[in-house]
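These notes concern the structure reproduced below.
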Amino acid sequence: MRKIVLSIILLSIISLTLTGCFNENDNSMDKKSTITIYTSIYPLYDFTQQIGKEKVNAHLIVPPGAEPHDWEPSAKLIAKIEEADILVYNGLGMESWAERIISTVNNPNLIIVNASDNVALLKMEDDEHNHETSHQHEEKHHHTYDPHIWLDPIRAIQQAENIKNALIKADISNKDFYENNFLKLKDKLLKLDEEYKNTISQLSRKEIIVSHAAFGYMADRYKLIQLSVSGLSPQAEPSPSEMAKITDFIKEHDIHYIFYEPLSNPKLVEVIAKESGIKTLPLNPLGNLTQEELSQGKDYFSIMQENLDSLKKALSE
């Protein structure tokens with residue numbers, strides 16, 4: 001009888017031990033079944049979602065509706081980023097806070113992705129429209145290059161590939177999954193490029209006046225001429241002489257529209273439009289979307305389509 005009792009006790013201990021091991025492993029698998037990624041700005045978040053799909057838990061660092069150029073993360077959010085598997089940022093001074101986080105992050109396993117790596121970059125023109133605030137002057141070395149890479153679908157492919165490579169590094173067992181999704185995204189970007197190329201090549205006008213110099217890569221890809229009311233920062237304001245130069249440019253080229261950005265104050269653009277007798281149209285630099293746009297299911301591709309519609313209207317009249 002004693003042997004039977006001891007056998008039962010021994011079996012119970014073994015059973016509990018195995019159950020404990022199973023549960024522990026099961027929880028571990030749950031934790032690792034998705035890759036946690038923090039992405040700085042909306043287009044990188046969208047690309048991450050399209051490549052990682054259900055295998056990633058992606059977070060957009062800059063909240064919906066916030067202008068990404070001058071937004072700053074809280075200490076609480078920085079702590080969450082530190083615990084992630086991957087951090088994706090654009091670089092080139094787009095996120096003033098990113099390098100500070102990277103230099104202080106206390107997680108040796110965090111994979112950090114500079115999405116501008118291996119991209120053919122455009123230098124910012126050092127002209128009278130590239131205004132600087134005192135804060136921008138401190139960050140001037142970051143502003144040698146235009147950071148708005150994603151507005152050129154071809155260059156955006158390289159950004160997406162940088163994200164894909166990081167996902168594979170973090171989760172090699174799902175390499176084929178990420179590769180296939182990246183190729184689907186690449187195909188969509190190539191088709192978008194073709195549509196832009198075919199549409200814009202048929203338009204008689206090539207000059208666009210924008211609220212800030214965010215569309216350099218788009219202009220470079222599709223042979224447009226960009227004139228900005230301000231420089232890299234949407235908050236910078238031109239001097240009276242620069243305002244005069246803009247109004248002269250409008251008259252000289254018989255321009256009918258000036259573009260404003262949905263997340264920026266349109267007041268200055270409206271003043272120029274009123275003084276010059278022209279109309280305004282939206283042109284979205286896509287650094288972020290509003291909560292309403294996200295709720296409506298809008299994404300990188302739908303906004304780029306809206307941008308193309310605006311360009312078509314402005315450059316064909």
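The values are calculated or read from the model by the stated rules, or taken from the named source; none is laboratory data. The model shown is predicted, which means the values in this text are computed figures rather than measured ones. Backbone-built Cβ (ideal geometry, glycine too); neighbour counts: all protein chains shown.
Hey, does region 156-164 have a residue that's surrounded by fewer than 20 Cβ atoms within 10 Å (Cβ to Cβ), modelled with pLDDT under 95 and either in a helix (DSSP H, G or I) or among the β-branched types (Val, Ile, Thr) (or both)? Taking every residue of region 156-164 in turn, none turns out to be surrounded by fewer than 20 Cβ atoms within 10 Å (Cβ to Cβ), modelled with pLDDT under 95 and either in a helix (DSSP H, G or I) or among the β-branched types (Val, Ile, Thr) (or both). Exactly one residue out of Val88, Val56, Val105 is of a type in the set (A, V, I, L, M, F, W, C), touching a Leu at 6+ places or on another chain (Cβ under 6 Å), surrounded by 15 or more Cβ atoms within 10 Å (Cβ to Cβ) and closer than 27 Å to Asp171 by Cα, and it is Val88.
Of the residues examined, Ile255 is one that is more than 29 Å from the chain's Cα centre (by Cα) and farther than 27 Å from Pro63 by Cα.
Conditions (1) under 23 Å from Gln159 (Cβ atoms); (2) in contact with a strand residue (DSSP E or B) (Cβ under 8 Å, 6 or more places away or on another chain); (3) surrounded by fewer than 17 Cβ atoms within 10 Å (Cβ to Cβ), marked per residue:
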position: Leu190; (1), (2), (3): yes, no, yes
position: Asp193; (1), (2), (3): yes, no, no
position: Ser204; (1), (2), (3): no, no, yes
position: Gly216; (1), (2), (3): yes, yes, no
position: Arg221; (1), (2), (3): yes, no, no
position: Pro238; (1), (2), (3): no, yes, no
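Of all positions in region 66-78, at least one carries a residue that is aromatic (Phe, Trp, Tyr), at pLDDT below 95 and either farther than 19 Å from Asn165 by Cβ or touching an Asp or Glu at 6+ places or on another chain (Cβ under 6 Å) (or both).
From the list Lys267, Lys298, Lys223, the lone residue that is modelled with pLDDT under 95 and not assigned by TED's automatic domain parsing to the domain that holds Glu67 is Lys267.
Only one of the numbered conditions (1) of a type outside the set (Gly, Ala, Ser); (2) touching a strand residue (DSSP E or B) at 6+ places or on another chain (Cβ under 7 Å); (3) modelled with pLDDT under 90; (4) outside any loop (DSSP other than H, G, I, E, B) is not met by Glu99, and that is (2). Summed over region 245-264, residues that are under 17 Å from Ser230 (Cβ atoms), out of contact with any strand residue (DSSP E or B) (no Cβ under 9 Å at 6 or more places or on another chain) and part of a loop (DSSP other than H, G, I, E, B) total 1.
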